[in-house]
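We did not get these values from a lab; they are worked out from the coordinates using the rules stated. Nothing here was measured: the structure is a model prediction, and the numbers come from that model. Heads up, the Cβs are rebuilt from the backbone with ideal geometry, glycines too, and the neighbour counts pull from every protein chain shown.
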Amino acid sequence: MFTLRERILRTVVRALVAVMYRVRVRGLDALPAEGPALLVANHVSYLDAFLLGALAARPVRFVMHRSFYERWPLSWFFRACGAIPIAGRREDPALLARAMETIDATLARGEIVGIFPEGQLSRDGALCAFRPGVEEILARRPVPVVPVALDGLWGSVFSYAGGPPLTKPPRRFRARVA
């Protein structure tokens, strides 16, 4: 299940989430207890993966753009969590191919992969158009898809509400998140 390192990181993130938000979770039982699955969620804030990873009963390996994966000072954390770096087809086709191979291998091992199919943070709180990654992943390896709707994170300092993320003071503390 979780390695010691994953348990420690998860405990720290869960504690931070509990301090920052009042979280209500429904439907986590839809996540398979074993075997591969693709966790597909909307993307409204920089905390989305942290929140989902902290709440999931099993480790989730999130796919993230390399510009965030390589960003200091969090690059060590993303590597420790087993995040999978990816880039667009025009941007870095070799990295995209490696990412797809890694995703496929991860699913083949029976693990859970988390992806934000919009490929970007929402600029207005609404769902953006999906990029083709989910379809490509499922064409290679048909696995159960677990849809996730994150609610309440729009408006946080980590979202684009009111300006770029992390550029404005927090407007609310202990917000309700579902």
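Please list, in chain and number order, the residues 5+ apart from L39 or on another chain whose amide H is under 5 Å from its amide H, with Hs placed from the backbone.
V113, G114, I115, V146
Connecting C-alpha atoms closer than 10 Å in a GNM of the chain, tell me which of A41, A80, A161 has the biggest fluctuation.
A80
Taking the Cα centre as origin and putting +1 on Lys and Arg beta-carbons and -1 on Asp and Glu beta-carbons, what dipole magnitude results for the chain, to the nearest 20 debye?
680 debye
So which trypsin sites (Lys or Arg not before Pro) in the range 94-135 pass both tests, a DSSP loop state and at most 12 other Cβ atoms within 10 Å of the Cβ? Show your work: numbers first, answer last.
On the way: sites: R98, R109, R123; in loops: R109, R123.
Within the range 94-135, the qualifying trypsin sites (Lys or Arg not before Pro) (loop, at most 12 other Cβ atoms within 10 Å) are R109, R123.
Where does the chain land at 222 nm, in deg cm²/dmol rounded to the nearest 500, when only DSSP H runs of n ≥ 4 count, each adding -39500 (n - 2.57), divided by all residues?
Values: 6 runs with 59 residues, N = 178.
So the calculated ellipticity at 222 nm is -9500 deg cm²/dmol.
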